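Visitor: To start, I am sharing the structure in question, which I have written as structure tokens.
The values are calculated or read from the model by the stated rules, or taken from the named source; none is laboratory data. This is a predicted model, so every value here is computed, not measured. Neighbour counts run over all protein chains shown; Cβ positions are idealised from the backbone, glycine included. Areas reflect the complete protein model, heavy atoms only, side chains present, ligands, DNA and RNA absent. Shrake-Rupley method; radii C 1.70, N 1.55, O 1.52, S 1.80 Å.
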Amino acid sequence: MTLKITSADAQWQPKYFAVITGLFCGLYMISSALVSKMIDVHGVVTSAAIIIFPICAIITDILTEVYGFNRARQAIWTVLACTILFAIFTQIAIILPPAGFWPHQDGFAAIFASTYRIALAACAAWIVGEFSNSFVVSKMKIFQNARHMAVRFISSTVVGQFLDTIVFFTIAFAGTMSWKNLFWTMLSSWVLKVAYEIVALPLSVPITNLVKKWEGIEHFDRQELHIV
């Protein structure tokens, strides 16, 4: 199947963008629920969100590769709005009086009490990490003339997740652990995210090509890019 080449958003209308954006938001909300738990995997300490968060970064790659930076931007801002709402409503849920027969109020509050700080960290990291990830994919695709998709997926993850990890862990956990432990936690998380991206390439690249086929488009961002 021959794909139509486009260089501006106005030249085509996506069919499945809303579906992928919805999946994107749902997966990130799962990540937000898991992020406060720290896990130890054979001596490697990181957040439990590592099991789901890299998939969000992969979807960012797919959104940018297929739909371009400006449309990916809409999905990124939508996730940010969902993160803020998640923080607001979990705090409301903590404040609301528990039912007399429900014994888990203290546990619920302990898990979500840090939501404000976590949400601030997540929002800042999300903006920095995802926009840099998307920008790298967008520019590399033009430079590579759409070849070597795996290279730009890995490169964008290296850059985006490096910035995301530093911003998130610094804001979310600085002062709650030693700087040494914080450094190694950040490093291990970043390495795991990049490794996750590499391991997922046999899945992410074919899925991206499939979505391109469904859309019938090979889109290049030869247009003005906007953050907002």
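Visitor: Among the candidates ILE39, ILE76, ILE58, which residue alone is modelled with pLDDT of 85 or more and in contact with an Asp or Glu (Cβ under 9 Å, 6 or more places away or on another chain)?
Guide: ILE76
Visitor: Here is a follow-up. Does PHE135 satisfy the criteria of being free of Cβ contacts under 8 Å to residues at least 12 places away in the same chain, open to solvent by 20 Å² or more (accessible area, probe 1.4 Å), of a type in the set (A, V, I, L, M, F, W, C) and closer than 18 Å to ARG222 by Cβ?
Guide: Taking the combined requirement at face value, the residue does not satisfy it.
Visitor: If you go through region 35-66 one residue at a time, how many are within 24 Å of LEU201 (Cβ to Cβ) and in contact with a helix residue (DSSP H, G or I) (Cβ under 8 Å, 6 or more places away or on another chain)?
Guide: 22
Visitor: Are any residues in region 209-228 in contact (Cβ under 8 Å) with a residue 24 or more places away in the chain, among the charged types (D, E, K, R), closer than 15 Å to ALA8 by Cα and open to solvent by 40 Å² or more (accessible area, probe 1.4 Å), and if so, which ones?
Guide: ARG222
Visitor: Can you tell me which residues in region 133-155 are closer than 29 Å to ALA87 by Cβ and either under 12 Å from the mean Cα position of the chain (by Cα) or not in a helix (DSSP H, G or I) (or both)?
Guide: ASN133, SER134
Visitor: While we're here: Do we find that GLU197 is more than 21 Å from LEU120 (Cα to Cα) and in a helix (DSSP H, G or I) in this structure?
Guide: Yes; evaluated as a whole, the condition is true for this residue.
Visitor: Are any of the residues in region 114-129 modelled with pLDDT of 90 or more and within 18 Å of ILE198 (Cα to Cα)?
Guide: So far as region 114-129 goes, yes, one or more of its residues are modelled with pLDDT of 90 or more and within 18 Å of ILE198 (Cα to Cα).
Visitor: Wholly within region 15-132, which helices (runs of 4 or more DSSP H) include no fewer than the required count, namely at least 2 residues that are surrounded by fewer than 19 Cβ atoms within 10 Å (Cβ to Cβ)?
Guide: 17-34, 69-95, 105-112
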